[in-house]
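The values are calculated or read from the model by the stated rules, or taken from the named source; none is laboratory data. Just so it is clear, the structure is predicted and the values come from calculations on it, not from any experiment. Cβ coordinates were reconstructed from backbone atoms using ideal geometry, including for glycine residues, and neighbour counts include every protein chain displayed.
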C-alpha cells in the first residue's frame with residue numbers, strides 16, 4: 001500500500017452536540033516531487049482516480065497516520081462520507097463525543113489543534129494498468145489514472161505537496177524499452 005497526501009485541506013469543527021467534524025480534500029492534477037536530485041521522481045493523480053472505490057460503497061476508514069489500530073471514522077460505521085469530483089477526492093468524517101475519551105483520539109485532536117497534524121494522505125493500491133511512468137526532460141513522472149482507495153489518513157507530513165515518499169520502484173527495463181513492472185515490484189513499501 002502506498003500513501004500520498006495534501007496539506008491543503010483539513011478543516012475541523014465541533015458542533016453544539018459535541019460531534020467533531022473533519023473535512024478534507026486530496027486534489028487531483030497537482031504534480032508533486034517525490035524525490036529531487038539528478039533523477040527527479042514526480043507523481044500526479046488524474047481526475048477521479050479513486051472513482052471506482054468511492055462508487056462501490058465499500059468500507060473505507062479515516063485513520064491517524066495510516067494505523068488501522070487508530071480509526072477515527074469509517075463508511076461502514078456511517079461516520080465517513082466520500083465524494084470524488086474532477087477536482088479532488090473530498091471527505092467528511094464525524095467523530096462522536098464518546099470518542100474524545102479514547103486516548104489516541106484525544107492525542108490526535110490535541111496535535112491537530114496545535115497545528116502539528118494537518119495533511120491528508122490516502123492509502124491506495126494501483127490497479128493493473130492504472131498508472132504509467134514516463135521519462136521527460138525533468139526526470140520520471142508517474143501518472144496514476146486508477147487506484148483502489150483503502151483508507152485516508154490525517155498525517156504530519158504528507159507527500160503532497162513537497163513531502164517525500166520512500167521505497168518507490170523506478171527501475172527501467174534493462175533493454176531501455178520502458179519501465180518494467182510486475183505485481184511484485186510495482187511501487188511498494
Can you name the residue in region 130-154 that is in contact (Cβ under 8 Å) with a residue 12 or more places away in the chain and assigned to a loop (DSSP other than H, G, I, E, B) and is also farthest from residue 29 (Cα to Cα) among such residues?
138
Yes or no: residue 55 modelled with pLDDT of 90 or more, more than 30 Å from residue 102 (Cβ to Cβ) and loosely packed, with under 13 Cβ neighbours inside 10 Å?
yes
Identify all residues within region 52-80 that are touching a residue at least 40 places away in the same chain (Cβ under 8 Å) and within 24 Å of residue 131 (Cβ to Cβ); write none if there are none.
52, 53, 54, 60, 61, 63, 66
If a residue must be in contact with a helix residue (DSSP H, G or I) (Cβ under 9 Å, 6 or more places away or on another chain) and part of a helix (DSSP H, G or I), how many such residues does region 111-125 contain?
0
Inside region 120-139, can you point out the residues that are surrounded by 15 or more Cβ atoms within 10 Å (Cβ to Cβ) and more than 22 Å from the chain's Cα centre (by Cα)?
139
Failed item in (1) buried (at least 16 other Cβ atoms within 10 Å of the Cβ); (2) in contact (Cβ under 8 Å) with a residue 24 or more places away in the chain; (3) touching a strand residue (DSSP E or B) at 6+ places or on another chain (Cβ under 7 Å), with residue 83 passing the rest:
(1)
Residues satisfying the stated conditions in region 91-110, i.e. surrounded by 15 or more Cβ atoms within 10 Å (Cβ to Cβ) and in a helix (DSSP H, G or I):
99, 104, 105, 108, 109
Select from region 32-56 the residues that are over 15 Å from the mean Cα position of the chain (by Cα) and closer than 19 Å to residue 91 by Cβ and list them in ascending order.
52, 55, 56
